[in-house]
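The values are calculated or read from the model by the stated rules, or taken from the named source; none is laboratory data. Everything quoted here is computed from the prediction, not taken from an experiment. Glycine gets a Cβ as well: all are built from the backbone with ideal geometry, and neighbour counts include every protein chain shown. For accessibility, only protein heavy atoms count, side chains too; no ligands or nucleic acids. Shrake-Rupley method; radii C 1.70, N 1.55, O 1.52, S 1.80 Å.
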Amino acid sequence: MAIPAGGVLVDLACGAGGPGLWVASKARSRLAGVDLSVVGVAQARRRAQELRFERSAAFIAGAFSAVGLATGRADGVMSVDALQYAPDKRAALDEAARLLRPGGRLAFTAFEVHPERVADLPVLGDDPVADYEPLLETAGFAVDSCTETAGWRERLTTTYRAVLDAADTLSGEMGAQALLALGLEMSMTLEHDPYRRRVMVVAHTR
Ligand SMILES: C[S@@+](CC[C@H](N)C(=O)[O-])C[C@H]1O[C@@H](n2cnc3c(N)ncnc32)[C@H](O)[C@@H]1O
């Protein structure tokens, strides 16, 4: 991602922190992770401690469109498989642009949807985006590449079916309530086939 050693990487919708910690350790950068889930943020903090990365990493609760970090300080912003959940994609990309220094790099993977298939669905039906490129341009990014990732549909289908098939075991491990939310998303995805593409995007601020 061309982050200078000691530079700042922001991981938007970092979840339990794994991908951001991996990239930051490779880039030798500092890391700020942000996620809507306080449970995810707590897990990310624990993971950073286990990896002895806690001095270089901070995790905070926040939304895509309201990240509590300073303007123009980030050298890189990343996000893995989460932007499709943002209720306002334009606001999310504006926020990513705000965080980055001029020339800073944004790299993310996310799903583009079929708007007509998600119209009545929760979350994915809020602000459905079939193509991120025009939004990126409007938010002030120059798009370096936007490519469909290989084999994503087979991997997603196989994984989601395997999780649903293992419901009994998983219920014991993660609890019935968490499994219900996960299972609903997975069965809804398999039933409605909402995703057009999973893309990997690299862009930079002008
Ligand atoms: C599929 S997980 C990906 C987590 C992480 N990026 C990873 O790859 O391990 C999606 C994440 O998006 C977060 N999320 C959903 N909506 C969000 C929003 N509006 N703002 C910030 N995070 C959000 C969820 O809490 C969840 O952690």
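Which FRET efficiency value, to the nearest 0.05, is calculated for residue 190 and residue 137 with the Förster distance at 25 angstrom and r the Cβ-Cβ distance? Computed FRET efficiency for residue 190 and residue 137: 0.15. Sequentially through the range 175-188, phi angles give Karplus couplings (6.51, -1.76, 1.60; θ = phi - 60°) of x, 5, 5, 5, 5, 4, 4, 5, x, 5, 4, 6, 5, 5 Hz, Gly and Pro residues having no value and appearing as x.
Prolate is the label for the range 105-175, because the ratio a/c of its alpha-carbon gyration tensor axes (a ≥ b ≥ c) is 1.5 or higher and a/b is greater than b/c. Our coupling estimate for the range 70-84, obtained by passing each phi through the Karplus curve with A = 6.51, B = -1.76, C = 1.60 and θ = phi - 60°, is 5, 6, x, 9, 8, 7, x, 10, 10, 7, 10, 6, 9, 4, 4 Hz, Gly and Pro reported as x. Placing unit charges on each Cβ (+1 for Lys and Arg, -1 for Asp and Glu) gives the range 1-143 a dipole about its Cα centre, and among 23, 93, 119 the Cα reaching farthest toward its positive end belongs to 23. Between the amide H of residue 14 and those of 34, 35, distances stay under 5 Å, these residues lying 5 or more places away or on another chain, with hydrogens modeled in the peptide plane. In the context of the full set of protein chains, the range 124-178 has a per residue accessible area of 59 Å² (1.4 Å probe). Of the solvent-accessible surface of the range 55-206, computed with a 1.4 Å probe over protein heavy atoms with every protein chain present, carbon and sulfur atoms account for 54 percent.
Could you work out the helix-only [θ] at 222 nm for the chain, with each DSSP H run of four or more residues adding -39,500 (n - 2.57) and the total divided by the number of residues, to the nearest 500 deg cm²/dmol? Show your work: numbers first, answer last.
Details: 8 runs with 84 residues, N = 206.
After summing the helix terms and dividing by the residues of the chain, the value is -12000 deg cm²/dmol.
On the principal axes of its alpha carbon atoms, the range 53-186 extends 50, 42, 28 Å, with the longest extent given first. Computed with a 1.4 Å probe on the full set of protein chains, the accessible area for residue 54 sits at about 90 Å².
Place a point 7 Å from Cα of residue 202 in the direction of its Cβ. Which residues in the range 84-128 have their backbone N less than 15 Å from it? Once the point is set 7 Å along Cα→Cβ of residue 202, 104-109 turn out to lie under 15 Å by backbone N, inside the range 84-128. Could you tell me how far the Cα centroid of the range 2-18 sits from the Cα centroid of the range 178-206, in Å? If we compute the Cα centre of each part, the gap is 22 Å.
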